[in-house]
Amino acid sequence: MNWQKHKFDCSINYSGSLRSTPFYSVRYTFNYLSDKVDQVFLDNIIKKGKALALKVNSASASASNFKRKQVRININAIAGLLAEDLWLDFLNSQNIPASSTPFSSASNQIDIVLPNTGKTIEVRSSFPRNGVEFALCHAVYQFDVIGPYSNDYKPSEIQKDFYVRVLFPFSTNDFFSKLKSDSFEVYLTGGATWSMMSNNNIALVKSFIAEDELNADIITASKFRVVPFSQALDSFNIINYM
């Protein structure tokens, strides 16, 4: 696998975008079919993701519903672990020591800890089927950096020091076919600090189903604190805070 710095300038293709400055992301590219190292790495992520998914309670009213939900749980778990591993790789490449925290329950997000400072990072991933530039730049349908559940939010109590994002530029239905192909791309797209997430002039409260919720109910949405990408730090800005 390898990564490159990738610039998105919303002013070029999205004249009405609320994002006024260029956004620098980190683009990882994998070649599962032609690169043995990539294949071994991704196969290991798939194996660990499926094992993680088995720890999630996926009881369902019917066998067909159970099967559909288990596929989604597998995707969420694998995508979440890949997102975490890529942020770990990027942070360490920037001389920021980082390590993952052990899984304790499906209700807890996958986290990263910075041993030198004890600061914590929450990683969330999503699948913008219209592409990463759309998710970053669209004036109405831009995506967000997802923070804590709104009912857990306490302004005076830091829950995570940083919230970071990973975007897969395709539908969840295409995840497995993309994963095991060449030119599979994943984008690390910055994030937000706790102070940004707790600032009501920057953050919003939105109701939706988080794409990477391991045990998300397919019909029940939750409310989250979010920072729109137009207000977010890009991938190179946020590591300056770390």
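The values are calculated or read from the model by the stated rules, or taken from the named source; none is laboratory data. Everything quoted here is computed from the prediction, not taken from an experiment. Neighbour counts are summed over all protein chains in view; Cβ atoms, including those assigned to glycine, are modelled from backbone coordinates with ideal geometry.
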SER171 versus (1) of a type outside the set (D, E, K, R); (2) touching a Lys or Arg at 6+ places or on another chain (Cβ under 9 Å); (3) buried (at least 17 other Cβ atoms within 10 Å of the Cβ): which is the lone unmet condition? (3)
Restricting the search to the range 205-229, which residues are surrounded by fewer than 19 Cβ atoms within 10 Å (Cβ to Cβ) and modelled with pLDDT of 95 or more? PRO228
Of (1) modelled with pLDDT of 95 or more; (2) basic (Lys, Arg); (3) in a loop (DSSP other than H, G, I, E, B), ARG165 fails just (3)
Output for the range 2-45, where each listed residue is of a type in the set (Gly, Ala, Ser) and part of a strand (DSSP E or B): SER25
Yes or no: the range 147-154 includes at least one residue that is modelled with pLDDT under 95, in a loop (DSSP other than H, G, I, E, B), more than 16 Å from the chain's Cα centre (by Cα) and surrounded by fewer than 15 Cβ atoms within 10 Å (Cβ to Cβ). yes
Residue by residue through the range 174-201, note down the ones that are part of a helix (DSSP H, G or I), of a type in the set (Phe, Trp, Tyr) and in contact with a Lys or Arg (Cβ under 8 Å, 6 or more places away or on another chain). TRP194
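Residues checked against (1) among the aliphatic types (A, V, I, L, M); (2) assigned to a strand (DSSP E or B); (3) modelled with pLDDT of 90 or more; (4) surrounded by fewer than 19 Cβ atoms within 10 Å (Cβ to Cβ):
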position	(1), (2), (3), (4)
LYS48	no, no, yes, yes
GLN70	no, no, no, yes
ASP89	no, no, yes, yes
PRO97	no, no, yes, yes
PRO102	no, no, no, yes
ASN116	no, no, yes, yes
SER125	no, yes, yes, no
PRO128	no, no, yes, no
VAL145	yes, yes, yes, no
Would you be able to say whether some residue in the range 209-218 is at negative phi, assigned to a strand (DSSP E or B) and in contact (Cβ under 8 Å) with a residue 24 or more places away in the chain? no
Which residues, counting only those in the range 1-34, are of a type in the set (D, E, K, R) and free of Cβ contacts under 8 Å to residues at least 24 places away in the same chain? LYS7, ASP9
Counting only residues in the range 1-37 that are loosely packed, with under 15 Cβ neighbours inside 10 Å and touching a strand residue (DSSP E or B) at 6+ places or on another chain (Cβ under 7 Å), the one farthest from LEU233 (Cα to Cα) is identified as ASN2
